[in-house]
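As structure tokens, the structure follows; a few thoughts come after it.
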Amino acid sequence: MPILRYTASADTTIVNAFQPNLTTRGTGANAGEADVMEVFSIYGRQASGSQELSRILLKFPTTSIAADRAANTIPASGSVSFYLRVFNAPTSKTVPTDFKLVVAALSQSWQEGIGLDLEGYADLTRGNTGANWMSASDTAAWSVVGGSYLTSSADLFKEQTFANGLEDMDLDITPIVESWLDSTQENYGVEILLSQSYEAYYSSSTGQNTGSIINNLSGATTSYYTKRFFARGSQYFFKRPAIEARWSDITRDDRGEFYLSSSRAPAVDNLNTLYFYNIIRGKLVNLPIIGTGSVYVSLYSGSSDNSAPSGTAMSLYDGSTALTGGYVSTGIYSCSLGITASTAITVSPMYDVWFSGSTEYFTGSILPKTFDTGMTLLSERYIIDITNLKNSYHPLETSRFNLYVRNKNWNPNVYTVVQATPQGLTIQSASYRVYRVLDGLDVVGYGTGSDFHTGLSHDVSGNYFNFDMKLLEPGYTYAFKFAFYDEQIKSWEEQVDSFKFRVEKSNQ
């Protein structure tokens with residue numbers, strides 16, 4: 001499952017802004033129980049050159065992420081990205097535009113607190129638990145007012161630009177999360193604040209912070225008020241701040257789409273990737289002697305009745321008769337190979353034999369295809385179906401969905417009709433999204449970027465993907481939509497069909 005979300009375990013807003021009397025600052029205020037958080041900078045409201053700032057503190061359950069990694073639910077470092085997802089909260093107040101927010105790893109522990117007031121800043125901690133502008137907790141002051149964060153490494157200091165001010169935060173903070181997981185940094189969470197050049201200018205006579213006011217000679221002399229986000233206490237399930245783990249778990253097994261090499265095709269299209277799944281008693285296990293090492297693959301033509309491999313191994317694209325396959329993950333091995341039409345019997349199955357030394361581990365069969373040449377380019381239209389879709393799912397369920405695809409203009413002859421359902425097509429590059437039917441809210445968008453975390457795999461049976469229902473709020477109906485990449489127009493094309501299902505509440 002290439003998407004997992006970890007909701008914040010603590011959050012609050014801290015300020016040095018003036019209370020309504022424009023005399024007393026709310027530096028002792030805490031908003032740990034508020035359902036929104038906010039970041040702002042106000043210049044010159046109380047007097048010429050006065051500075052008022054607001055910042056956000058967030059913490060996430062790293063122990064849960066570490067446990068998922070230990071269980072191989074999340075890949076190792078370098079194979080997964082972690083994104084900070086914080087969602088815009090609509091407000092009647094003025095929203096700033098054209099600004100940058102910084103996410104920095106905090107260097108001190110802090111307390112969430114129970115304050116609510118983000119208007120008059122009247123919920124003061126005064127010895128109670130809860131962080132504020134001056135103190136990280138009821139027993140410790142910040143080493144630097146406004147929250148102590150790390151600045152020693154650019155990897156622990158990330159920025160996102162906001163053009164119209166209404167955007168969500170969707171920021172890659174992988175180095176920060178990995179530093180928590182490998183214990184090079186303690187997990188104190190992160191702080192969200194305006195970039196230094198956007199926080200209000202203030203010049204201290206000593207060059208240091210003055211009480212609660214930040215010395216900032218590169219700051220702005222205009223105001224940025226106010227950017228609000230939903231907090232973890234929000235009633236909106238999909239708007240709570242989270243760290244989202246994204247990675248690609250796509251498997252492209254070409255056993256059902258094995259093409260003979262052609263001089264008309266580029267080298268990459270002349271290679272086919274085959275997989276061997278070592279399933280013992282219903283689960284994947286490594287080959288005892290091979291482990292994570294190499295396995296070898298040869299191709300053979302069929303016997304007289306096409307029931308088994310026969311003769312000597314065929315000559316492959318590099319002139320050899322055996323290629324080295326590699327370890328993919330527990331119990332899974334793969335190998336990429338190609339073969340020319342002159343050495344293959346195209347009307348009969350070919351057999352791939354996986355072995356090491358004199359030990360044969362697996363024999364599979366392949367019906368090779370050839371690249372066709374057409375006179376015109378036609379934009380494909382498809383009929384699609386999720387063949388194993390259920391009406392409803394348990395909220396803790398992870399399911400595999402099989403996607404059947406065929407050409408919309410399929411025109412069978414009498415023989416084909418008599419036989420059965422037409423053989424499905426394999427889409428080489430496909431992606432899914434999930435939306436809530438009630439209001440059309442995209443709860444999992446197309447992830448077709450570098451992580452490609454919503455990509456579909458394929459094998460001899462066609463396309464498939466896994467989905468974890470924990471990503472969805474129980475008690476609602478959702479739908480899958482699909483997009484296929486069109487190589488002719490170099491663009492993703494969303495398919496017409498939607499596939500609805502419900503996630504039931506856990507007591508049902």
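Mind counting the residues in the range 37-68 that are within 21 Å of Gln111 (Cα to Cα), of a type in the set (A, V, I, L, M) and surrounded by fewer than 20 Cβ atoms within 10 Å (Cβ to Cβ)? Total satisfying the criteria: 0. Scan the range 3-25 and tell me whether some residue there is closer than 30 Å to Tyr464 by Cβ, in contact with a Lys or Arg (Cβ under 8 Å, 6 or more places away or on another chain) and either in a loop (DSSP other than H, G, I, E, B) or not aliphatic (A, V, I, L, M) (or both). There is at least one residue in the range 3-25 that is closer than 30 Å to Tyr464 by Cβ, in contact with a Lys or Arg (Cβ under 8 Å, 6 or more places away or on another chain) and either in a loop (DSSP other than H, G, I, E, B) or not aliphatic (A, V, I, L, M) (or both). Looking at the range 427-505, the strands (runs of 3 or more DSSP E) lying wholly inside it that each contain 1 or more residues that are crowded, with 17+ Cβ neighbours inside 10 Å and touching a strand residue (DSSP E or B) at 6+ places or on another chain (Cβ under 6 Å) sit at 430-436, 442-444, 457-459, 462-468, 476-486, 499-503. Only residues that are more than 22 Å from Tyr236 (Cβ to Cβ) and hydroxyl-bearing (Ser, Thr, Tyr) were counted in the range 455-481, giving 3.
Set side by side, the residues Asp459, Asp439, Asp486 differ, and just one is modelled with pLDDT of 95 or more and more than 22 Å from the chain's Cα centre (by Cα), which is Asp439. Out of Pro20, Pro2, report the one residue that is farther than 24 Å from Glu199 by Cα, surrounded by fewer than 23 Cβ atoms within 10 Å (Cβ to Cβ) and in contact (Cβ under 8 Å) with a residue 12 or more places away in the chain. Among Pro20, Pro2, only Pro2 is farther than 24 Å from Glu199 by Cα, surrounded by fewer than 23 Cβ atoms within 10 Å (Cβ to Cβ) and in contact (Cβ under 8 Å) with a residue 12 or more places away in the chain.
When residues in the range 112-133 are screened for being of a type in the set (A, V, I, L, M) and within 24 Å of Ile214 (Cα to Cα), 4 of them pass. Taking (1) modelled with pLDDT under 85; (2) more than 20 Å from Asn463 (Cα to Cα) in turn, Phe362 satisfies each apart from (1). Screening Gly311 with (1) surrounded by 12 or more Cβ atoms within 10 Å (Cβ to Cβ); (2) on the phi > 0 side of the Ramachandran plot gives one miss only, at (1). Residues considered: Ala76, Ala154, Ala105, Ala71. Of these, the only one that is modelled with pLDDT of 95 or more, at negative phi and not basic (Lys, Arg) is Ala105. Candidates Tyr277, Tyr225: the one that is aromatic (Phe, Trp, Tyr), touching a strand residue (DSSP E or B) at 6+ places or on another chain (Cβ under 7 Å) and surrounded by fewer than 17 Cβ atoms within 10 Å (Cβ to Cβ) is Tyr277. Quick one: count up the residues across the range 143-159 that are part of a strand (DSSP E or B) and either among the aliphatic types (A, V, I, L, M) or more than 25 Å from the chain's Cα centre (by Cα) (or both). Matching residues across the range 143-159 total 1.
I'd like to know if the range 246-257 contains one or more residues that are farther than 30 Å from Pro349 by Cβ, surrounded by fewer than 21 Cβ atoms within 10 Å (Cβ to Cβ) and of a type in the set (Ser, Thr, Tyr). For the range 246-257, residues farther than 30 Å from Pro349 by Cβ, surrounded by fewer than 21 Cβ atoms within 10 Å (Cβ to Cβ) and of a type in the set (Ser, Thr, Tyr): present.
Screening Leu156 on (1) in contact with a Pro (Cβ under 8 Å, 6 or more places away or on another chain); (2) surrounded by fewer than 18 Cβ atoms within 10 Å (Cβ to Cβ) shows it passes everything except condition (2). Just one of the listed residues (Ser77, Ser81, Ser50) is under 23 Å from Leu171 (Cα atoms), touching a strand residue (DSSP E or B) at 6+ places or on another chain (Cβ under 8 Å) and assigned by TED's automatic domain parsing to the domain that holds Leu116, namely Ser81.
Per-residue answers, yes or no, for (1) in contact with a strand residue (DSSP E or B) (Cβ under 6 Å, 6 or more places away or on another chain); (2) over 26 Å from Gly445 (Cα atoms):
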residue	(1), (2)
Ser152	no, yes
Gln160	yes, no
Asp168	yes, no
Leu171	yes, no
Ile176	yes, no
Ser195	yes, yes
Thr210	no, yes
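Has the range 256-278 got at least one residue that is assigned to a strand (DSSP E or B), among the aliphatic types (A, V, I, L, M) and either assigned by TED's automatic domain parsing to the domain that holds Ser461 or free of Cβ contacts under 8 Å to residues at least 60 places away in the same chain (or both)?
So far as the range 256-278 goes, no, none of its residues is assigned to a strand (DSSP E or B), among the aliphatic types (A, V, I, L, M) and either assigned by TED's automatic domain parsing to the domain that holds Ser461 or free of Cβ contacts under 8 Å to residues at least 60 places away in the same chain (or both).
Evaluating Phe82 against the criteria (1) closer than 27 Å to Gly115 by Cβ; (2) buried (at least 16 other Cβ atoms within 10 Å of the Cβ); (3) of a type outside the set (D, E, K, R) leaves one unmet condition, (1).
If you check Leu84, Leu57, which single one turns out to be touching a residue at least 60 places away in the same chain (Cβ under 8 Å) and closer than 26 Å to Gly127 by Cα?
Answer to the check: Leu57.
The values are calculated or read from the model by the stated rules, or taken from the named source; none is laboratory data. Computed from a prediction, not measured in an experiment: that's the story for all the values here. Neighbour counts are summed over all protein chains in view; Cβ atoms, including those assigned to glycine, are modelled from backbone coordinates with ideal geometry.
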